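Student: Can you keep this structure in mind? I'll have questions shortly.
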Amino acid sequence: MKSLHRYPVKSMQGERVESLYLTPGGVLGDRMYAVVDTGDGTVASAKYPRKWGALLGCAAAFVTEPEIDGPPPPVAVTFPDGRTLRSDGPGLDDALSALLGRSVTLSSDPAAGAEFEEQWPDIEGLAPQKFIDDTTVEHSEEGEAVSRIATAGLAPGESFLDLAVLHLVTTATLGALSEAAPGSDFDPRRYRPNLLLATPGGPGFVEDDWVGDDLVIGDARVMVTMSTMRCVMTTLAQEGFPEDRDTLRTIAKVNRRAIPGMGTWACAGAYADVTTGGVVRVGDEVGTG
């Protein structure tokens, strides 16, 4: 295990940690909070960059460690201008509303039927056109389709997760993408994995071959369920690397995968379910079983 990551607030920068506790609902503390539009209940996601992309310039960290069955601990949010405000103190909602130009609140209570928005770049082979057409509710300033999609589509219960409970990426896949487009930076932060697995010398996109397999990682066991469909958020600028749509265009060129019942998508990484909870640590070996 090369590195471990959790994201206390959806679409903000997260925390790199030495250990994570995996539960059937995913990583303890992952996307425990989200910014929510007070007008229509939309869950803010940088997948619609014009509207919510500024969130990616914020960083969120827990003030105290989350506990199983415990209430969400406070988070500290650091803004692009260097200010840090806490969720258990004054001013955070006002500061987020000013940053985003609309009335929002930080919530730890995902509502049933909550939705997020996703913009579809004009990239051939990115996603099934029928899915885009069926979910489009508006178009961006660039004229690209924007969908509304239910949160936590494959998660057990309501949450702020996009789709599935656990996301993993291998160094081999990032290396294969770098070889395919040496002018682009495939920094793992673009892909926001919970688990970054070291696979030195292995084939690229090895995660696709793990679909249906059980993996034993530390004290936990997970089942790889599907390849991860990639989105516009992976192209956005972050500290240390620029906006670059070629990163997503490259995935659409070199690794399109058929997802049963969902069509063919540009994929990198994999989603997994947690079948046996437990602690995983940096340096843990990954086995099959």
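Throughout, read-outs are computed from the coordinates displayed, never taken from laboratory work. The structure presented is a predicted model; accordingly, all values stated were derived computationally and were not measured. Quick reminder, even Gly has a Cβ in these numbers, built from the backbone with ideal geometry, and neighbours come from all protein chains shown.
Student: When the Karplus curve 6.51 cos²θ - 1.76 cosθ + 1.60 is applied with θ = phi - 60°, which whole-Hz ³J(HN,Hα) does each residue of the range 25-39 get, with x for Gly and Pro?
Tutor: Per-residue couplings from phi come out as x, x, 6, 4, x, 6, 6, 5, 10, 8, 8, 10, 5, 6, x Hz.
Student: Starting from the Kirkwood radius over alpha-carbon pairs of the range 3-288, derive D by Stokes-Einstein at 37 °C in a medium of 0.692 mPa s and give it in µm² s⁻¹.
Tutor: Estimated via Stokes-Einstein, D reaches 171 µm²/s.
Student: In µm²/s, what is D for the range 99-167 at 25 °C and 0.890 mPa s, where D = kT/(6 pi eta Rh) by Stokes-Einstein and Rh is the Kirkwood radius from Cα pairs?
Tutor: Translational D for this selection: 177 µm²/s.
Student: Another question about this same structure. Give me the distance in nm between label points sitting 7 Å out from Cα along the Cα-to-Cβ direction at THR264 and GLU138, one decimal.
Tutor: 3.3 nm
Student: On to the next question. Using the basic label-point model (7 angstrom from Cα toward the beta carbon), what is the ARG256 to LYS130 distance in nanometres?
Tutor: Label-label distance for ARG256 and LYS130, simple model: 1.5 nm.
Student: Quick check on the exposure proxy: order MET223, MET262, MET12 from fewest to most C-beta atoms within 10 angstrom.
Tutor: So the residues, fewest neighbours to most, are MET262, MET223, MET12.
Student: Length gain on complete extension for the stretch ARG245 to LEU154, per 0.36 nm per residue less the alpha carbon to alpha carbon distance? Don't skip to the answer; put the middle values down first.
Tutor: Values: separation 91, 0.36 × 91 = 32.76 nm, distance 2.73 nm.
Contour length minus Cα-Cα distance gives 30.0 nm.
Student: Continuing with this model, one more query. For the range 78-95, what does the Karplus curve 6.51 cos²θ - 1.76 cosθ + 1.60, with θ = phi - 60°, yield as ³J(HN,Hα) per residue in whole Hz, taken in order and with x for Gly and Pro?
Tutor: Using θ = phi - 60°, the values come out as 9, 8, x, 7, x, 5, 10, 10, 9, 5, 9, x, x, x, 5, 4, 5, 5 Hz.
Student: Contour minus end-to-end for ASP219 and VAL282, with contour as 0.36 nm per residue of separation and end-to-end as the Cα-Cα distance?
Tutor: Stretched fully, the ASP219-VAL282 segment lengthens by 21.4 nm.
Student: For the chain, what does -39500 (n - 2.57) per DSSP helix run (n ≥ 4), summed and divided by total residues, give at 222 nm, in deg cm²/dmol to the nearest 500?
Tutor: Rounded to the nearest 500, the figure is -4000 deg cm²/dmol.
Student: Would you mind calculating the relative contact order of the range 56-146 from Cα pairs under 8 angstrom and at least 6 residues apart, reporting the percent as a whole number?
Tutor: For the range 56-146, the relative contact order is 15 percent.
Student: Provide the packing ranking of 33-41, 186-194, 67-75, i.e. peptides ordered by the mean count of other C-beta atoms within 10 Å per residue, highest first. Intermediate values should be presented prior to the final figure.
Tutor: Working: 33-41: 17.7, 186-194: 20.7, 67-75: 12.9.
Put in order of decreasing packing, that is 186-194, 33-41, 67-75.
Student: Calculate the length of the line joining the C-alpha centroid of the range 189-224 to that of the range 1-80, in whole Å.
Tutor: 21 Å
Student: With a cut-off of 8 Å between alpha carbons and a minimum separation of six or more residues, what is the relative contact order of the chain in percent?
Tutor: Working: 676 pairs, mean separation 62.9, N = 289.
Contact order relative to length: 22 percent.
Student: OK, next. Out of all Cα-Cα pairs in the range 1-92, roughly what percent, to the nearest whole number, are more than 22 Å apart?
Tutor: When all Cα pairs of the range 1-92 are counted, 29 percent exceed 22 Å.
Student: What list of ³J(HN,Hα) values in whole Hz, one per residue of the range 151-158 in order, does the Karplus curve 6.51 cos²θ - 1.76 cosθ + 1.60 (θ = phi - 60°) give from phi, with Gly and Pro shown as x?
Tutor: 6, 6, x, 10, 9, x, x, 6
Student: Below 8 Å between Cα atoms, with a sequence gap of 6+, how large is the relative contact order for the range 1-160 in percent? Walk me through the numbers before you get to the answer.
Tutor: On the way: 300 pairs, mean separation 34.2, N = 160.
With pairs under 8 Å counted, the relative contact order is 21 percent.
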